[in-house]
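One structure below.
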Amino acid sequence: MSDELPRTGVTGRTSGDNPVDGVDNSPPETDISTVGVPPEGGLRGSDLARAALEAARASAKERGARGARKGVAGAAGRRRRRRWSGPGPDDRDPQPLGRIASRIAADRGWAERLAGGQVFARWPKLVGEDVAEHAQPVALSDGELTVQADSTAWATQLRLLQRDLLKRIAAGVGNGVVQKLKVQGPAAPSWRYGPRHVPGRGPRDTYG
């Protein structure tokens, strides 16, 4: 009995260069496009991190480029809008309240009455505290200001200071508002009592 094993369909040598049983045993061809890329399912943690970092960098670079283009366009638009503004003051610009009030007063003929009101409201500043303590304005009509003094002596003093007082008032409220002063002394006491009285000579020297 022979020790040789029976051959099972081997038709030739079994080297890597020759087929065995009709099967091609040559090494498989390598795809050049997948060189260096780990097989699917075999990615390591470092490979995933590197791929994520590269993707993040590319996305940030793209966003930065878009933002720069948008910023340049926005700045140019703002410059264009600024060029649309007028080169000088415009009636549509915000106006100071005092200027608007003065314009309305002039249009409606209130300027004279407002100026007269300033004479009464600012009297101590216009004529000085000393004069204001002894004399007060009581009426203003057609440029004539009536001032009443608290004593005959102060009435006389105001008549002497009339020119200086007119200059002070004009400097404070404007020229032409007060053109003349009419100074009155203290009011004389009334001797009438009751609803009825008899016409007569009026107050006389009844004290001696």
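The values are calculated or read from the model by the stated rules, or taken from the named source; none is laboratory data. Please read all numbers here as calculations on a predicted model, not as lab measurements. Cβ placement follows ideal geometry from the backbone for every residue including glycine, while neighbour counts extend to all protein chains displayed.
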*Could you please find all residues in the stretch 117-127 being surrounded by 14 or more Cβ atoms within 10 Å (Cβ to Cβ) and out of contact with any helix residue (DSSP H, G or I) (no Cβ under 8 Å at 6 or more places or on another chain)?*
120
*Restricting attention to the stretch 143-198, which residues are aromatic (Phe, Trp, Tyr) and modelled with pLDDT of 85 or more?*
154
*Select from the stretch 165-182 the residues that are without any contact (Cβ under 8 Å) to a residue 24 or more places away in the chain and surrounded by 13 or more Cβ atoms within 10 Å (Cβ to Cβ) and write down the one among them that is nearest to residue 127 (Cα to Cα).*
166
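Could you say which residue among 107, 91 is at pLDDT below 90 and part of a helix (DSSP H, G or I)? Can you show your working first?
Values: 91 fails: part of a helix (DSSP H, G or I).
Selected residue: 107, the only one of 107, 91 that is at pLDDT below 90 and part of a helix (DSSP H, G or I).
Criterion first (part of a helix (DSSP H, G or I), of a type in the set (Gly, Ala, Ser) and over 23 Å from residue 114 (Cβ atoms)) does residue 155 satisfy it? Working first, answer last.
Working: part of a helix (DSSP H, G or I): yes; of a type in the set (Gly, Ala, Ser): yes; over 23 Å from residue 114 (Cβ atoms): yes.
Taking the combined requirement at face value, the residue satisfies it.
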